[in-house]
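The values are calculated or read from the model by the stated rules, or taken from the named source; none is laboratory data. No experiment lies behind these values; they were computed from the predicted model shown. Every residue, glycine as well, gets a Cβ built from its backbone with ideal geometry; the counts of neighbours run over all protein chains shown. SASA here: full protein model, heavy atoms, side chains in, ligands and nucleic acids out. Shrake-Rupley method; radii C 1.70, N 1.55, O 1.52, S 1.80 Å.
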Amino acid sequence: MAAGTVGAWWTGRLSVFWRAQIVGWGLFFLVDLLNRLLTYRSVKVALGITLLITPCLVVLSAGMRRVYTSRAFNNRLTPHSIALIGVLSIGAAAIVITIVFVFRRAFGWEIPFWGPLEEVVVPWIHYSLALAGWSLCYFWIHAEMAEQAEHQHAVRAEAEALRLELEELRLQLDPHFLFNALNGVAEEIPEHPSAALAMLRNLTAYLRNSLDGINHPIVTVDTEVEGLSAYLGVQKARFGDRLRTRIHVEHAAGGRRIASFLLQPLIENAVKYGRRDDGLDVHIDIRAAGDALHIQIENTGTLDEGAGSRRRRPGIGLENVRRRLDLHYPGRHAFTLGDSGNKVVAKLTLEGEPCSGS
(Lines give C-alpha, C1' and ligand atoms only; values in the text may rest on other atoms or scores of the structure.)
Protein backbone atom coordinates (compact mmCIF):
# COMPACT_ATOMS: atom_id res chain seq x y z
CA MET A 1 0.00 0.00 0.00
CA ALA A 2 2.84 2.37 0.84
CA ALA A 3 4.46 1.69 -2.53
CA GLY A 4 1.15 2.32 -4.27
CA THR A 5 0.67 5.59 -2.38
CA VAL A 6 4.15 6.78 -3.27
CA GLY A 7 3.64 5.75 -6.91
CA ALA A 8 0.34 7.62 -7.09
CA TRP A 9 1.94 10.70 -5.53
CA TRP A 10 4.91 10.47 -7.91
CA THR A 11 2.81 10.21 -11.09
CA GLY A 12 -0.27 12.16 -10.02
CA ARG A 13 0.90 15.00 -7.81
CA LEU A 14 4.39 15.78 -9.11
CA SER A 15 4.88 17.57 -12.40
CA VAL A 16 7.33 16.30 -15.01
CA PHE A 17 9.72 19.12 -14.06
CA TRP A 18 9.88 18.17 -10.39
CA ARG A 19 10.23 14.47 -11.18
CA ALA A 20 13.18 15.34 -13.41
CA GLN A 21 14.58 17.59 -10.66
CA ILE A 22 14.47 14.84 -8.07
CA VAL A 23 16.02 12.22 -10.33
CA GLY A 24 18.65 14.54 -11.84
CA TRP A 25 19.87 16.19 -8.67
CA GLY A 26 19.65 12.84 -6.84
CA LEU A 27 22.18 11.38 -9.26
CA PHE A 28 24.29 14.53 -8.97
CA PHE A 29 24.19 14.12 -5.16
CA LEU A 30 25.78 10.66 -5.44
CA VAL A 31 28.50 11.84 -7.83
CA ASP A 32 29.20 14.97 -5.77
CA LEU A 33 29.35 12.95 -2.55
CA LEU A 34 31.92 10.57 -4.04
CA ASN A 35 33.98 13.50 -5.32
CA ARG A 36 33.88 15.17 -1.92
CA LEU A 37 34.86 11.95 -0.15
CA LEU A 38 38.00 11.84 -2.29
CA THR A 39 38.66 15.52 -1.60
CA TYR A 40 38.01 15.81 2.16
CA ARG A 41 38.79 12.18 3.04
CA SER A 42 36.07 12.37 5.68
CA VAL A 43 32.63 10.78 5.42
CA LYS A 44 31.16 13.18 7.97
CA VAL A 45 32.40 16.32 6.23
CA ALA A 46 31.61 15.06 2.72
CA LEU A 47 28.06 14.01 3.66
CA GLY A 48 27.40 17.20 5.62
CA ILE A 49 28.48 19.55 2.80
CA THR A 50 26.73 17.50 0.13
CA LEU A 51 23.47 17.47 2.11
CA LEU A 52 23.80 21.24 2.42
CA ILE A 53 24.62 21.94 -1.22
CA THR A 54 22.13 19.69 -3.02
CA PRO A 55 18.95 21.40 -1.67
CA CYS A 56 20.55 24.75 -2.54
CA LEU A 57 21.08 23.56 -6.13
CA VAL A 58 17.47 22.34 -6.34
CA VAL A 59 16.11 25.69 -5.13
CA LEU A 60 18.45 27.75 -7.30
CA SER A 61 17.70 25.72 -10.45
CA ALA A 62 13.96 26.07 -9.79
CA GLY A 63 14.48 29.83 -9.56
CA MET A 64 16.47 29.82 -12.80
CA ARG A 65 13.59 27.96 -14.45
CA ARG A 66 11.24 30.82 -13.50
CA VAL A 67 13.62 33.20 -15.24
CA TYR A 68 13.76 30.94 -18.31
CA THR A 69 9.96 30.96 -18.60
CA SER A 70 9.80 34.75 -18.36
CA ARG A 71 9.58 37.10 -21.33
CA ALA A 72 13.34 37.55 -21.37
CA PHE A 73 13.73 33.90 -22.44
CA ASN A 74 10.24 32.60 -23.28
CA ASN A 75 11.74 29.08 -23.13
CA ARG A 76 13.77 29.77 -26.28
CA LEU A 77 17.51 29.21 -26.66
CA THR A 78 19.11 32.13 -28.53
CA PRO A 79 22.63 33.64 -28.48
CA HIS A 80 21.31 36.32 -26.10
CA SER A 81 19.76 33.72 -23.79
CA ILE A 82 22.96 31.62 -23.82
CA ALA A 83 24.88 34.61 -22.50
CA LEU A 84 22.24 35.09 -19.79
CA ILE A 85 22.49 31.40 -18.90
CA GLY A 86 26.23 31.87 -18.33
CA VAL A 87 25.64 34.89 -16.07
CA LEU A 88 22.90 33.14 -14.08
CA SER A 89 24.95 29.97 -13.68
CA ILE A 90 28.00 31.86 -12.43
CA GLY A 91 25.86 33.93 -10.08
CA ALA A 92 23.99 30.92 -8.68
CA ALA A 93 27.30 29.06 -8.23
CA ALA A 94 28.64 32.06 -6.30
CA ILE A 95 25.70 31.77 -3.89
CA VAL A 96 26.45 28.06 -3.36
CA ILE A 97 30.17 28.76 -2.75
CA THR A 98 29.34 31.53 -0.27
CA ILE A 99 27.05 29.23 1.73
CA VAL A 100 29.65 26.44 1.74
CA PHE A 101 32.44 28.86 2.70
CA VAL A 102 30.45 30.14 5.69
CA PHE A 103 29.70 26.62 6.94
CA ARG A 104 33.25 25.44 6.38
CA ARG A 105 34.59 28.34 8.44
CA ALA A 106 31.96 27.76 11.15
CA PHE A 107 32.81 24.07 11.57
CA GLY A 108 36.48 24.29 10.69
CA TRP A 109 36.26 21.99 7.67
CA GLU A 110 39.43 22.36 5.66
CA ILE A 111 40.34 20.76 2.33
CA PRO A 112 43.70 18.95 2.67
CA PHE A 113 46.51 20.39 0.56
CA TRP A 114 44.29 23.16 -0.92
CA GLY A 115 45.01 26.85 -0.65
CA PRO A 116 42.39 29.62 -0.16
CA LEU A 117 42.24 30.37 -3.91
CA GLU A 118 41.67 26.74 -4.87
CA GLU A 119 38.97 26.37 -2.21
CA VAL A 120 36.93 29.09 -3.94
CA VAL A 121 37.79 28.98 -7.64
CA VAL A 122 37.61 25.21 -8.25
CA PRO A 123 34.16 24.69 -6.64
CA TRP A 124 32.91 27.87 -8.31
CA ILE A 125 33.87 26.57 -11.74
CA HIS A 126 32.47 23.13 -10.85
CA TYR A 127 29.02 24.40 -9.86
CA SER A 128 28.91 26.98 -12.63
CA LEU A 129 29.38 24.19 -15.16
CA ALA A 130 26.84 21.99 -13.33
CA LEU A 131 24.17 24.71 -13.41
CA ALA A 132 24.97 25.66 -17.02
CA GLY A 133 24.65 21.99 -17.97
CA TRP A 134 21.35 21.82 -16.08
CA SER A 135 20.14 24.88 -17.99
CA LEU A 136 21.01 23.41 -21.39
CA CYS A 137 19.33 20.14 -20.44
CA TYR A 138 16.25 22.09 -19.37
CA PHE A 139 15.99 23.84 -22.74
CA TRP A 140 16.65 20.59 -24.63
CA ILE A 141 13.99 18.66 -22.68
CA HIS A 142 11.53 21.54 -23.00
CA ALA A 143 12.09 21.68 -26.76
CA GLU A 144 11.57 17.90 -27.02
CA MET A 145 8.36 18.07 -24.98
CA ALA A 146 7.10 21.00 -27.04
CA GLU A 147 7.80 19.08 -30.24
CA GLN A 148 6.01 16.01 -28.90
CA ALA A 149 3.04 18.13 -27.82
CA GLU A 150 2.90 19.75 -31.25
CA HIS A 151 3.10 16.33 -32.89
CA GLN A 152 0.29 14.98 -30.70
CA HIS A 153 -1.80 18.05 -31.49
CA ALA A 154 -1.20 17.52 -35.20
CA VAL A 155 -2.10 13.84 -34.89
CA ARG A 156 -5.33 14.70 -33.05
CA ALA A 157 -6.19 17.35 -35.64
CA GLU A 158 -5.47 14.92 -38.48
CA ALA A 159 -7.57 12.22 -36.80
CA GLU A 160 -10.45 14.66 -36.33
CA ALA A 161 -10.22 15.76 -39.97
CA LEU A 162 -10.15 12.12 -41.04
CA ARG A 163 -13.17 11.33 -38.87
CA LEU A 164 -15.15 14.23 -40.31
CA GLU A 165 -14.27 13.31 -43.89
CA LEU A 166 -15.15 9.67 -43.32
CA GLU A 167 -18.45 10.73 -41.77
CA GLU A 168 -19.19 12.96 -44.74
CA LEU A 169 -18.35 10.18 -47.19
CA ARG A 170 -20.43 7.71 -45.20
CA LEU A 171 -23.45 10.03 -45.07
CA GLN A 172 -23.28 10.56 -48.84
CA LEU A 173 -24.38 6.96 -49.32
CA ASP A 174 -27.69 7.03 -47.48
CA PRO A 175 -29.33 9.91 -49.46
CA HIS A 176 -27.90 8.46 -52.66
CA PHE A 177 -29.34 5.01 -51.96
CA LEU A 178 -32.63 6.30 -50.54
CA PHE A 179 -33.28 8.34 -53.66
CA ASN A 180 -32.85 5.29 -55.88
CA ALA A 181 -34.79 2.96 -53.57
CA LEU A 182 -37.75 5.29 -53.08
CA ASN A 183 -37.82 6.03 -56.78
CA GLY A 184 -38.02 2.27 -57.36
CA VAL A 185 -40.87 1.95 -54.85
CA ALA A 186 -42.75 4.76 -56.62
CA GLU A 187 -42.37 2.96 -59.95
CA GLU A 188 -43.76 -0.31 -58.55
CA ILE A 189 -46.77 1.08 -56.64
CA PRO A 190 -49.15 1.56 -59.64
CA GLU A 191 -48.78 -1.94 -61.13
CA HIS A 192 -47.15 -4.05 -58.40
CA PRO A 193 -48.25 -2.75 -55.00
CA SER A 194 -47.27 -5.99 -53.25
CA ALA A 195 -43.75 -5.71 -54.64
CA ALA A 196 -43.63 -2.08 -53.49
CA LEU A 197 -44.70 -3.17 -49.99
CA ALA A 198 -41.99 -5.84 -49.91
CA MET A 199 -39.46 -3.23 -51.02
CA LEU A 200 -40.49 -0.92 -48.19
CA ARG A 201 -40.10 -3.72 -45.63
CA ASN A 202 -36.66 -4.58 -46.91
CA LEU A 203 -35.81 -0.89 -47.02
CA THR A 204 -36.79 -0.63 -43.34
CA ALA A 205 -34.43 -3.51 -42.52
CA TYR A 206 -31.65 -1.83 -44.49
CA LEU A 207 -32.16 1.52 -42.75
CA ARG A 208 -32.20 -0.17 -39.35
CA ASN A 209 -28.84 -1.72 -40.16
CA SER A 210 -27.59 1.63 -41.45
CA LEU A 211 -28.66 3.52 -38.31
CA ASP A 212 -27.14 0.89 -36.03
CA GLY A 213 -23.78 1.32 -37.73
CA ILE A 214 -23.78 5.09 -38.30
CA ASN A 215 -21.55 5.64 -35.24
CA HIS A 216 -19.36 2.65 -36.06
CA PRO A 217 -17.05 3.37 -39.00
CA ILE A 218 -15.50 -0.07 -38.56
CA VAL A 219 -17.61 -3.26 -38.47
CA THR A 220 -17.10 -6.97 -39.01
CA VAL A 221 -17.44 -8.51 -42.45
CA ASP A 222 -20.53 -10.39 -41.25
CA THR A 223 -22.19 -7.09 -40.24
CA GLU A 224 -21.27 -5.53 -43.58
CA VAL A 225 -22.79 -8.51 -45.39
CA GLU A 226 -26.03 -8.11 -43.40
CA GLY A 227 -26.36 -4.59 -44.81
CA LEU A 228 -25.64 -5.85 -48.33
CA SER A 229 -28.25 -8.60 -47.94
CA ALA A 230 -30.83 -6.04 -46.83
CA TYR A 231 -30.02 -3.86 -49.82
CA LEU A 232 -30.27 -6.79 -52.24
CA GLY A 233 -33.57 -7.72 -50.59
CA VAL A 234 -34.91 -4.30 -51.59
CA GLN A 235 -33.79 -4.82 -55.16
CA LYS A 236 -35.06 -8.43 -55.37
CA ALA A 237 -38.48 -7.23 -54.31
CA ARG A 238 -38.32 -4.81 -57.21
CA PHE A 239 -36.89 -7.08 -59.93
CA GLY A 240 -38.13 -10.47 -58.75
CA ASP A 241 -36.64 -13.43 -60.62
CA ARG A 242 -34.76 -11.08 -62.93
CA LEU A 243 -32.21 -10.55 -60.14
CA ARG A 244 -30.23 -13.54 -58.90
CA THR A 245 -27.74 -13.09 -56.06
CA ARG A 246 -25.15 -15.25 -54.33
CA ILE A 247 -23.07 -14.23 -51.33
CA HIS A 248 -20.17 -16.39 -50.13
CA VAL A 249 -18.18 -15.38 -47.06
CA GLU A 250 -15.34 -17.63 -46.01
CA HIS A 251 -15.64 -18.57 -42.34
CA ALA A 252 -12.22 -17.10 -41.53
CA ALA A 253 -13.24 -13.78 -43.10
CA GLY A 254 -16.55 -13.30 -41.27
CA GLY A 255 -15.03 -11.93 -38.08
CA ARG A 256 -12.49 -9.64 -39.78
CA ARG A 257 -12.91 -5.88 -39.49
CA ILE A 258 -13.80 -3.74 -42.49
CA ALA A 259 -14.86 -0.14 -43.13
CA SER A 260 -18.65 -0.01 -42.86
CA PHE A 261 -20.68 0.36 -46.07
CA LEU A 262 -17.49 0.18 -48.13
CA LEU A 263 -18.95 -2.44 -50.47
CA GLN A 264 -22.50 -1.10 -50.76
CA PRO A 265 -21.74 1.39 -53.60
CA LEU A 266 -20.15 -1.43 -55.62
CA ILE A 267 -23.24 -3.63 -55.16
CA GLU A 268 -25.48 -0.71 -56.03
CA ASN A 269 -23.53 -0.09 -59.24
CA ALA A 270 -23.69 -3.81 -60.08
CA VAL A 271 -27.49 -3.77 -59.78
CA LYS A 272 -27.99 -0.39 -61.42
CA TYR A 273 -25.70 -0.87 -64.42
CA GLY A 274 -25.68 -4.65 -64.84
CA ARG A 275 -27.25 -6.24 -67.94
CA ARG A 276 -30.73 -7.58 -67.20
CA ASP A 277 -31.73 -8.90 -70.66
CA ASP A 278 -31.65 -12.54 -69.50
CA GLY A 279 -31.62 -11.83 -65.79
CA LEU A 280 -28.97 -10.13 -63.71
CA ASP A 281 -26.54 -12.23 -61.69
CA VAL A 282 -24.70 -10.58 -58.81
CA HIS A 283 -22.12 -12.65 -56.96
CA ILE A 284 -20.13 -11.60 -53.89
CA ASP A 285 -17.13 -13.58 -52.69
CA ILE A 286 -15.12 -12.63 -49.58
CA ARG A 287 -12.06 -14.57 -48.46
CA ALA A 288 -9.21 -14.12 -45.99
CA ALA A 289 -5.52 -14.76 -46.70
CA GLY A 290 -3.06 -13.89 -43.95
CA ASP A 291 -3.87 -10.39 -42.73
CA ALA A 292 -5.59 -9.45 -46.01
CA LEU A 293 -9.18 -9.61 -47.21
CA HIS A 294 -9.84 -10.52 -50.84
CA ILE A 295 -13.23 -9.40 -52.12
CA GLN A 296 -14.67 -10.05 -55.58
CA ILE A 297 -17.99 -8.71 -56.85
CA GLU A 298 -19.31 -9.91 -60.22
CA ASN A 299 -22.33 -8.94 -62.26
CA THR A 300 -23.47 -9.77 -65.77
CA GLY A 301 -22.70 -7.03 -68.31
CA THR A 302 -19.74 -5.08 -69.64
CA LEU A 303 -18.12 -1.80 -68.81
CA ASP A 304 -18.53 -0.46 -72.36
CA GLU A 305 -22.02 -1.09 -73.71
CA GLY A 306 -22.26 1.84 -76.06
CA ALA A 307 -21.48 5.52 -76.18
CA GLY A 308 -24.61 6.47 -74.31
CA SER A 309 -24.32 3.84 -71.61
CA ARG A 310 -24.89 4.87 -68.03
CA ARG A 311 -21.88 2.76 -67.11
CA ARG A 312 -19.70 5.63 -68.20
CA ARG A 313 -21.14 7.80 -65.45
CA PRO A 314 -21.43 5.74 -62.28
CA GLY A 315 -21.96 8.82 -60.09
CA ILE A 316 -20.51 9.28 -56.63
CA GLY A 317 -20.34 5.57 -55.80
CA LEU A 318 -16.92 4.64 -57.17
CA GLU A 319 -15.40 7.99 -56.19
CA ASN A 320 -16.68 7.42 -52.67
CA VAL A 321 -15.17 3.93 -52.56
CA ARG A 322 -11.77 5.10 -53.81
CA ARG A 323 -11.61 7.99 -51.35
CA ARG A 324 -12.63 5.83 -48.41
CA LEU A 325 -10.04 3.23 -49.39
CA ASP A 326 -7.37 5.95 -49.31
CA LEU A 327 -8.51 7.03 -45.84
CA HIS A 328 -9.18 3.63 -44.27
CA TYR A 329 -6.35 1.68 -45.93
CA PRO A 330 -3.64 4.21 -46.90
CA GLY A 331 -1.12 2.42 -49.10
CA ARG A 332 -2.60 -0.95 -48.07
CA HIS A 333 -5.26 -1.64 -50.67
CA ALA A 334 -5.81 -2.55 -54.31
CA PHE A 335 -8.99 -1.90 -56.30
CA THR A 336 -9.64 -2.92 -59.88
CA LEU A 337 -12.76 -2.83 -62.03
CA GLY A 338 -12.76 -4.65 -65.35
CA ASP A 339 -14.46 -7.01 -67.82
CA SER A 340 -14.17 -10.77 -67.82
CA GLY A 341 -16.18 -12.29 -70.67
CA ASN A 342 -19.77 -11.13 -70.21
CA LYS A 343 -19.16 -10.13 -66.59
CA VAL A 344 -17.99 -6.99 -64.83
CA VAL A 345 -15.63 -7.86 -62.02
CA ALA A 346 -14.63 -5.58 -59.13
CA LYS A 347 -11.71 -6.84 -57.04
CA LEU A 348 -10.62 -5.47 -53.69
CA THR A 349 -7.60 -6.39 -51.59
CA LEU A 350 -7.56 -4.88 -48.10
CA GLU A 351 -4.45 -5.38 -45.97
CA GLY A 352 -4.40 -5.05 -42.21
CA GLU A 353 -6.81 -3.25 -39.93
CA PRO A 354 -8.75 -0.27 -41.30
CA CYS A 355 -8.08 3.19 -39.86
CA SER A 356 -11.13 4.37 -37.97
CA GLY A 357 -10.41 8.13 -37.95
CA SER A 358 -11.04 8.31 -34.22
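What to note about this one:
- Counting the residues of segment 284-303 that are over 29 Å from the mean Cα position of the chain (by Cα) and open to solvent by 50 Å² or more (accessible area, probe 1.4 Å) gives 1.
- Residues in segment 37-74 that are at pLDDT below 85, loosely packed, with under 14 Cβ neighbours inside 10 Å and more than 18 Å from Ile141 (Cα to Cα): Arg41, Arg71, Ala72.
- Any chance Ile316 is of a type in the set (Val, Ile, Thr), at pLDDT below 90 and within 39 Å of the chain's Cα centre (by Cα): yes
- Residue within segment 19-36 that is modelled with pLDDT under 90, among the charged types (D, E, K, R) and open to solvent by 80 Å² or more (accessible area, probe 1.4 Å) present: no
Results for (1) open to solvent by 80 Å² or more (accessible area, probe 1.4 Å); (2) without any contact (Cβ under 8 Å) to a residue 40 or more places away in the chain; (3) closer than 17 Å to Thr50 by Cβ, shown as yes or no for each residue.
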position	(1), (2), (3)
Thr78	no, yes, no
Leu84	no, yes, no
Ser89	no, no, no
Pro116	yes, yes, no
Cys137	no, no, no
His142	no, no, no
Ala146	no, no, no
Glu150	yes, yes, no
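- Residues located in segment 235-283, provided they are more than 22 Å from His216 (Cβ to Cβ), open to solvent by less than 20 Å² (accessible area, probe 1.4 Å) and either of a type outside the set (Gly, Ala, Ser) or in contact with a Gly (Cβ under 6 Å, 6 or more places away or on another chain) (or both): Gln235, Leu243, Asn269, Val271, Tyr273, Gly274, Leu280, Val282
- Residue that is surrounded by the fewest Cβ atoms within 10 Å (Cβ to Cβ), among those in segment 211-223 that are at pLDDT below 90 and closer than 20 Å to Ile295 by Cβ: His216
- Residue within segment 87-101 that is more than 28 Å from Pro116 (Cβ to Cβ), modelled with pLDDT of 85 or more and in contact with a Ser or Thr (Cβ under 8 Å, 6 or more places away or on another chain) present: no
- Single residue of Ser70, Ser81 found to be more than 17 Å from Val120 (Cβ to Cβ), assigned to a loop (DSSP other than H, G, I, E, B) and among the small types (Gly, Ala, Ser): Ser70
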